[in-house]
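Bear in mind these aren't lab numbers, they're just calculated from the coordinates by the rules spelled out. Because the structure is a prediction, the values reported are computed rather than measured. Here Cβ is always computed from backbone atoms with ideal geometry, including for glycine, and neighbour counts include all displayed protein chains.
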Amino acid sequence: MQAARWKIVDLPKITDVRGNLTVIEGGANLPFDIARVYFIYDVPSGSTRAGHAHRRLRQLFIALSGSFRLSLEDGRQRESFTLKRPDSGILVEPGVWREIDDFSGGAVCLVLASLRYDESDYIRSYDDFVVYAAQQNAPG
Ligand code: TYD
């Protein structure tokens, strides 16, 4: 049985009458050191983002504001999550095809990444991903 390639990560929420605070520390409540941060925002209604997989990259997705749907598949299973809370993220390991859609107005998708940007780490063709996934899921 191979390990799951994604999981929900509950983040601490330090509540305060002055406003809440959530903290993520690389290597502590996130199982990698953060090499890169990016965020997707001002997404027009009906847009789809991502549509690719990564060979080595690990990422944590969080809805900082608003909501969106993150759909994942690794050749063995598929799962979709509606992200809508800034104190919960989805950790995605390498070898997972991901699409992000159904953005609400004002949605901000924060992504913490384990590696710096590297186009050669992307698998951008779904057909190529199907071949890659079959290899990664092959026994042995
Ligand atoms: P892409 O990864 O395809 O966006 P998404 O998966 O979120 O839809 O990247 C879109 C463009 O932005 C592409 O030209 C590459 C560039 N880009 C960077 O230069 N650095 C980055 O860290 C990222 C994520 C993208």
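Please specify each residue of the stretch 95-138 satisfying the condition of being part of a loop (DSSP other than H, G, I, E, B) and within 15 Å of the ligand (Cβ to nearest atom).
VAL96, ASP102, PHE103, ALA107, SER114, LEU115, ARG116, TYR117, ASP118, ARG124, SER125
I'm checking my understanding of the structure. Among residues of the stretch 38-94 that are of a type outside the set (Lys, Arg), out of contact with any strand residue (DSSP E or B) (no Cβ under 6 Å at 6 or more places or on another chain) and exposed (fewer than 15 other Cβ atoms within 10 Å of the Cβ), which one is farthest from GLY105 (Cα to Cα)?
GLN77
Identify, please: which residue in the stretch 14-35 is under 14 Å from the mean Cα position of the chain (by Cα) and part of a loop (DSSP other than H, G, I, E, B) and is, among those, farthest from the ligand (Cβ to nearest atom)?
Ranking the candidates gives PRO31 first.
Identify, please: which residue in the stretch 84-94 is assigned to a loop (DSSP other than H, G, I, E, B) and under 12 Å from ARG55 (Cα atoms) and is, among those, farthest from the ligand (Cβ to nearest atom)?
Per the criteria, the residue is GLU93.
If ALA50 passes every condition in (1) outside any loop (DSSP other than H, G, I, E, B); (2) farther than 25 Å from VAL130 by Cβ but one, which one does it miss?
(2)
Name the residue that is farthest from the ligand (Cβ to nearest atom), counting only residues in the stretch 36-64 that are small (Gly, Ala, Ser) and over 15 Å from the mean Cα position of the chain (by Cα).
Applying the filter and picking the extreme gives SER45.
Can you tell me which condition ILE123 does not meet? The list is (1) closer than 18 Å to VAL9 by Cα; (2) surrounded by 18 or more Cβ atoms within 10 Å (Cβ to Cβ), and all the others hold.
The one condition ILE123 does not meet is (1).
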